[in-house]
Each structure stands twice: as C-alpha cells, then as structure tokens.
Amino acid sequence: MPEGTTVIDCRGHLLGRVASVAAKQVLMGNRIVLVRCEEMNISGSFIRNKLLFMSQLRKKMNSNPSKGPYHFRAPSRLVWRTIRGMMQHKLPKCQAALERLKVRKASAHLRA
C-alpha cells in the first residue's frame, strides 16, 4: 500500500455511514481502501431492500438493453456506486477523487 492510504474494514458497518465518511475523505485528497464490503449492513428490512434492488434491475433501455444503464450486482460495486452518488461525479475534481478510492471484497490476510 502506498503511504497515506487508509484501509477501512466494512464488516458490520452501515452502508451509508461508511460511504459518507469515505466520500468526504477522498474529496479531501486522501486515499481510501474499503475491504470486506460483502459483510456490510444495509439498514431497513430485507424485503424492502430486495424490492428496491429488483426495481433498479428492471430499469433498462427499451430498444437495446446492452447500451445501459448497467446494474452492478457485486457488493463492492454497490458500495462504489453509493459513494459516487454522494458526489458530483461528472466534475474533474470528483473524477480524480473516485480514482483515489479502491473498493475490495474480502482479502485473504483479513480472514484470520
């Protein structure tokens, strides 16, 4: 890891809380690595969260669905998308901030 990189273990934390902290840190210029995103908690009932996710999956381009929008199913990409939604990702400043963010699934050295 490069110096100045903060590694956050997401196990047992709420999605929105970790995402807001990570978004603010990368906008301030810090490098952030989020690990074990598949063990992160999402508040609310399971049924409600599942219905919201399924409604998102139904949204597609009518004439050619392969042109998007693309719906990520991996937990790490869901966290990345949540953080991207918390910033103005089309500005050059925020695009550079998203490059400083790394989101990973469980690492082998953390499974002890």
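Each reported figure results from applying straightforward, stated rules to the coordinates on display, with no laboratory input. Computed from a prediction, not measured in an experiment: that's the story for all the values here. With ideal geometry, Cβ positions are generated from the backbone for all residues, glycine too; neighbour counts draw on all protein chains shown.
For the charge dipole of the range 28-103, defined by +1 on Lys and Arg C-beta atoms and -1 on Asp and Glu C-beta atoms about the Cα centroid, which residue among ILE47, SER63, GLN88 has the Cα displaced farthest towards the positive pole?
Farthest towards the positive end: SER63.
Starting from one equal scatterer on each C-alpha and no solvent at all, send me the Debye-based log10 I(q)/I(0) for the chain at q = 0.11, 0.13, 0.15 Å⁻¹, two decimals.
These q points yield log10 I(q)/I(0) values of -0.41, -0.56, -0.73.
Using DSSP to define loop residues, name the chymotrypsin sites (Phe, Trp or Tyr not before Pro) in the range 44-82 whose beta-carbon has at most 15 other beta-carbon atoms within 10 Å.
Those that pass, being in a loop and sparsely packed, are TYR70, PHE72.
Gaussian network model of the chain, Cα springs within a sub-10 Å range: biggest mean-square fluctuation belongs to which of MET61, MET40, MET28?
Result for the chain, Cα springs under 10 Å: MET61 fluctuates most.
Just subtract the alpha-carbon distance of LYS59 and ARG17 from 0.36 nm times their residue separation and send over the number in nm, one decimal.
Answer, rounded to one decimal: 12.5 nm.
From the cross-link list LYS24/LYS67; LYS24/LYS90; LYS60/LYS93, which pairs have alpha carbons spaced over 27 Å apart?
Over 27 Å apart, Cα to Cα: LYS24/LYS67; LYS60/LYS93.
Check each of the trypsin sites (Lys or Arg not before Pro) in the range 1-55 and keep only those in coil by DSSP with at most 14 other C-beta atoms within 10 angstrom; list them in order.
Hits after loop and neighbour filter: ARG11.
Using alpha-carbon pairs under 8 Å, 6+ residues apart, how would you state the relative contact order of the range 41-107 in percent?
For the range 41-107, the relative contact order is 21 percent.
Could you give me the radius of gyration and the Dmax of the range 27-74, taking only the C-alpha atoms into account and expressing both in angstrom?
15.3, 42
Taking only C-alpha pairs under 8 Å that are 6+ residues apart, what is the relative contact order of the chain in percent?
36
With +1 assigned to the C-beta of every Lys and Arg and -1 to the C-beta of every Asp and Glu, and no other charges, what is the dipole magnitude of the chain about the Cα centre in debye, to the nearest 20?
440
Three principal axis extents, largest first, for the C-alpha atoms of the range 1-42, in Å?
29, 20, 9
Counting only residues 5 or more places away or on other chains, whose amide H sits under 5 Å from the amide H of LEU34 once H atoms are built in the peptide plane?
Correct list: ILE8, LYS102, VAL103, ARG104.
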